Amino acid sequence: DLSEQQQLKKREHYYHEYLQTLHSVSLGMMRRLSLSNLLSALVKRACTLTGLENGYLYLFDPETRDLELKAGSGRYADMIGFRSPADQGMPGTVFNSKEPQYADRDHQWMFDDPCSAETGPSAMLCVPLVAGSRILGVIGLTELGDGQTLTLELIPVLEEFSSIAAIAIDNAKLYADLKEELRL
């Protein structure tokens, strides 16, 4: 069947692109040692990988026990520094459960997105950033119903990406701590 072959070719092309992107991301991310530059690059790469433009990355602040938005793109680009209690909203749910969450308007999720005053997202996906046994934060994507598509199939893509991202974040934090120790 010709249409079946076309779908198989399309899927094969997608997986090839996906693997190439993960490979380049893993190499590139391990070389970035500035935490703020790394976090911005991670959000941009996650958006590029998934074809979405609205992404965010929260890190846990152990002093305040909040999640702080450290990097964002699209609608989240101007929200750096926004804080959310680590037990609220989709990022808080993901942080505490260490499990990815997906929701759209059909899944009865209360969208408490910081940008959702008038034009809330039509779908959200959020996954934990786990390094070893520690959870560092969460990374997420939103769809605004503007022609971009956020589906359940993106969960494994973002989970794989978040594994690489967590290692890169841990690496950058260790480098910053070492630099600080050497200054003392």
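The values are calculated or read from the model by the stated rules, or taken from the named source; none is laboratory data. Not measured: the values here are computed from a predicted model. Ideal geometry is used to build each Cβ from the backbone, glycine not excepted, and the neighbour counts take in all protein chains shown. Please note that ligands, DNA and RNA were not included when accessible areas were found on the heavy atoms of the full protein model with its side chains. Shrake-Rupley method; radii C 1.70, N 1.55, O 1.52, S 1.80 Å.
Quick notes on this one:
- Single residue of G132, G145, G120 found to be at pLDDT below 80 and open to solvent by 30 Å² or more (accessible area, probe 1.4 Å): G145
- The single condition from (1) at pLDDT below 90; (2) within 15 Å of the chain's Cα centre (by Cα) that P100 fails is (1).
For every residue, the table says whether it meets (1) among the aromatic types (F, W, Y); (2) part of a helix (DSSP H, G or I); (3) in contact with a Ser or Thr (Cβ under 6 Å, 6 or more places away or on another chain).
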| residue | (1), (2), (3) |
| --- | --- |
| Y58 | yes, no, no |
| L69 | no, no, no |
| G72 | no, no, no |
| R75 | no, yes, no |
| G81 | no, no, no |
| E99 | no, no, no |
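- Per-region count, segment 67-92, residues surrounded by fewer than 19 Cβ atoms within 10 Å (Cβ to Cβ) and not small (G, A, S): 9
- Inter-residue pairs, beta-carbon under 9 Å, first without any contact (Cβ under 8 Å) to a residue 12 or more places away in the chain and in segment 33-46, second part of a helix (DSSP H, G or I), 6+ apart: N37/A172
- Where G28 falls short, out of the listed (1) assigned to a helix (DSSP H, G or I); (2) closer than 13 Å to I169 by Cα; (3) at pLDDT 85 or above: (3)
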